[in-house]
Amino acid sequence: MASIAVLALVVGLVAGMQITSPADAASRTAPPDATDVAVPVERRALVNQVVARADASFEGAIDVLIEPGEVRQGSRYWPGAGGGDQLNEGAAVLEVVGRPVIALEGELPMYRTLSPGMRGPDVLQLEQALSRLGLNPGYIDNVYTGDTARAVAGMYQRIGYAAPPMSPDIEAELDAARQAVREAERMEDAGDVLDEARARLGEAQAQAGTPLPISEVQYFPTLPRRVDDVKVRRGDVLESAPVMTASGADMVLTARINDVSGELIAEGDEAIFDLPRGGTATGTVTDVRDASGSGGYEVSIEPGELTPEQVDALRGSNVRVTIPVASTEGEVLVVPLAALTAGPGGESRIELQDDDGVTTLVRVNVGLSAQGFAEVTPAEGEPRFDAGDLVVVGR
């Protein structure tokens, strides 16, 4: 009986040690006293940047409509350029019944056939184009002269086509004037008759020379351009619909930026954009303008040098663009933005912590903020700090 009593006592003691009251359990699981959360001050370079999406396209796409003019409607033609080709000034865009349609740069459309003796702003525009091609049209003015006609003939010869012939009426008048001069010269006392014949010949010669048919020139606002899409095939019939779509030869990235970020961007800023097939490339901001009606800004970026494969992959795509708008000059002392607090006078402060856990408020001058950090330096009269010192970011 004594042994049983001792055993019962031992079992009771052990069981009592395993039983915990709710109050004891609560006291053992209570949170510890609050302490500061501190991280080291760092030394690094900061870069503030704007990140957006941009559409890649070629500038100024236009539909190419060929004026039938003197070429019979329904004539068959073939395109001289395919999608992706570059249209240069003086090159044949396409061929209609054996005759070329030549690309020239100019704002005025080709609205009439030009020939010697004509005047007008369209003549001036033609002579300026001929001069750019290195073909001498004579004095550049608004008069289609014999020099202009010879330069036009040279333009056709350069691309491998015969120059357009003179009008049959002008050719007939020229032949008649020459014959009149020959007859007058055979007369013994020609006098006024010969003078009149020679004057008539001079007028005919002034109107003679290579013309420029309305149907054989296509003016573009700017050249060179890139052929985006050819809508016809060799042998198709000429209709009033566009035969091709041509855009600027230079690619542009267009991004929409909100008001706050857009105000940080300026022309000449560098931009970095992702390539559809991997990697990145750089470009330059060429224009920052208000996005009319929708708020924010529209930013144009000109890509740097790209390979033909990169251009083809980029065309029509939407890519991520990063524009650095500010950066520190090398590495600086930085703290997390959470470490900054405002003093009673609105000054910026950080709270430094020493090895014993004692904290000190230090007034600081704040520089660039980016990537979740802020550049800081001690205000005048405040204690110095350096990378590795602890700064409180929370509790």
Worksheet, complete the sentence: Given 142-150, 50-58, the highest-first ranking by average Cβ count within 10 Å works out to 142-150, 50-58
Worksheet item: On alpha-carbon atoms, Rg over Rh for region 314-378 using Kirkwood Rh?
Response: 1.21
Worksheet item: GluC sites (Glu not before Pro), restricted to region 207-316: which are DSSP loop and have at most 10 other Cβ atoms within 10 Å?
Response: GLU305
Worksheet item: What FRET efficiency do you get for ASN48 and ASP229 if R0 is 56 Å and r is their Cβ-Cβ distance, rounded to the nearest 0.05?
Response: 0.85
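Read-outs: derived from the displayed coordinates by stated rules, not from any lab. Computed from a predicted structure; not experimentally measured. Don't worry about glycine lacking a Cβ; one is built from the backbone with ideal geometry, like all the others, and counts go over all protein chains shown.
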